[in-house]
Amino acid sequence: MAKLLCLGDSIMWGVTGFDTAHPRADPTIPDKIGELIGAQVDNRAVSATSVNDGDKSMVSLLPTVNLADYDYIILGYGANDWGLNRESLEALKSGLGMFSSMFSVSGSKAYVLVDLMIESFINNATNLDSPNQLGITQNQVMDVFKNWATENSYHYYDWREDPIVTPQNYKTVLGDGCLHPNFDTQMQMAQRLADYIKSTAKDVPTDPSKPDDKPINPTTPINPDKPNKPDNKPDQPVTPAKPVVKLIDQIKIDRLNDLFGIGTNVSNGAKNVIGKVNELYNNLETIMGTDPQKAQISLVMPGNALTRSLRNYVLASFQQLESVVNDVIKVCNANWIVNPQTGDSTPTLNLQRVDQLATNDVYKKAVNDNWGQIEATLNKLIQYLNQVLKGE
């Protein structure tokens, strides 16, 4: 059987939205294409990745793949190359050049299809000429992919010619209302891409054996308790019950009131923060497919006696908590858990060094200011993630 490799982002991975009504696509776009053209699929797509930015980018992945092992290669990038506001057009071109170089060196004879991005409505975009924070438009990113594919004699599919996502319909065809196509839309995309491959590639089976092509998780299931009408048309679909979404509770950190209870306050606050950060990680893994992560700090509270050991414990605790919170901020930013109104990422923390020798009101204020920063920042992340869970 022919083998198909897919390198791409969250759309190719199967993200259809971020609430319980939008689970990972089954099948994914690459898997469905494999069914339709008769190919075994190796889907290496990774959420929140791009061509040439980060340790999970296409450029980072290429050394782990032998391109000569495949008959078809689909590249599905662009949304994050534009949307994450980090990758210049020059960096994008350089990353694509890395693929073409490795493709040539490998001796691969694979059919290559460059799937241009569909229109995105993050970054407050209203059309394909809306610039991101680097001043780059979606049209510019698409043209880079298209020109590179043409120069290297690869096939490309340009959704601009017959768009499946438009400013008029995006709120209904995108599961999250801004970026990721819902399941039905992804199946339409797979059908179009498979048809294009069949019409442009040689020796593609015209009618490969495959299971029923109907989506296995349609958005509006038919009522199974009623038979179809005599004309074989089903009854009107039953509106599914609105799923119960478990939201994340906001964090409340007790402030330091008693200077003779510093150790207890910092120890309890740290446990509270670590627990909430790990709750965020668990939700990110469930809805975004991020790698499993677990935050922890490795300190032992020395008691409440006003000693140098306590001072050092408080200082080290806030240093570690700053690192823990900044790590989850970075994961959220990389996975679009950002301000939904502005598209702005969450800035990292810069806590005060609580290293005063005197334990007085100034010391207490420094501790409480740090708790306030941590609490406010985590509650922003919780608010953003809850909006995603609710599909807002």
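The values are calculated or read from the model by the stated rules, or taken from the named source; none is laboratory data. From a predicted model like this one, the values you see are computed outputs, not experimental measurements. Heads up, the Cβs are rebuilt from the backbone with ideal geometry, glycines too, and the neighbour counts pull from every protein chain shown. Areas reflect the complete protein model, heavy atoms only, side chains present, ligands, DNA and RNA absent. Shrake-Rupley method; radii C 1.70, N 1.55, O 1.52, S 1.80 Å.
What pairs come up if the first residue lies in the range 95-123 and is closer than 15 Å to Tyr77 by Cβ, the second is of a type in the set (Lys, Arg), and their beta carbons are under 7 Å apart, counting only those six or more places apart or on different chains? What qualifies is Leu116/Lys146. Counting only residues that are surrounded by fewer than 18 Cβ atoms within 10 Å (Cβ to Cβ) and in contact (Cβ under 8 Å) with a residue 12 or more places away in the chain, the range 306-318 holds 3 of them. Considering only residues of the range 21-69 that are outside any loop (DSSP other than H, G, I, E, B) and either on the phi > 0 side of the Ramachandran plot or among the small types (Gly, Ala, Ser) (or both), which is surrounded by the fewest Cβ atoms within 10 Å (Cβ to Cβ)? Here the residue is Ala68. Being farther than 19 Å from Lys3 by Cα, open to solvent by 40 Å² or more (accessible area, probe 1.4 Å) and not basic (Lys, Arg), is that true of even one residue in the range 181-198? Yes: one or more hits. Here are Leu4, Leu84, Leu36, Leu67: which of them is in contact with a Ser or Thr (Cβ under 8 Å, 6 or more places away or on another chain) and more than 29 Å from Pro131 (Cβ to Cβ)? Only one candidate qualifies: Leu67.
Residue pairs whose Cβ atoms lie under 8 Å apart, separated by 6 or more positions or on different chains, with the first residue in the range 20-31 and basic (Lys, Arg) and the second open to solvent by 50 Å² or more (accessible area, probe 1.4 Å), are Arg24/Trp13. Among the residues of the range 126-136, the ones that are without any contact (Cβ under 8 Å) to a residue 40 or more places away in the chain and within 30 Å of Leu5 (Cβ to Cβ) come to 1 in all. Residue selection: Tyr72 fails the criterion of being open to solvent by less than 20 Å² (accessible area, probe 1.4 Å), aromatic (Phe, Trp, Tyr) and under 22 Å from the mean Cα position of the chain (by Cα). Looking only at residues in the range 283-305 that are among the hydroxyl-bearing types (Ser, Thr, Tyr) and open to solvent by 60 Å² or more (accessible area, probe 1.4 Å), the one that is nearest to Ala358 (Cα to Cα) is Ser298. Exactly one residue among Val144, Val112 is closer than 22 Å to Ala194 by Cα and not in a loop (DSSP other than H, G, I, E, B), and that residue is Val112.
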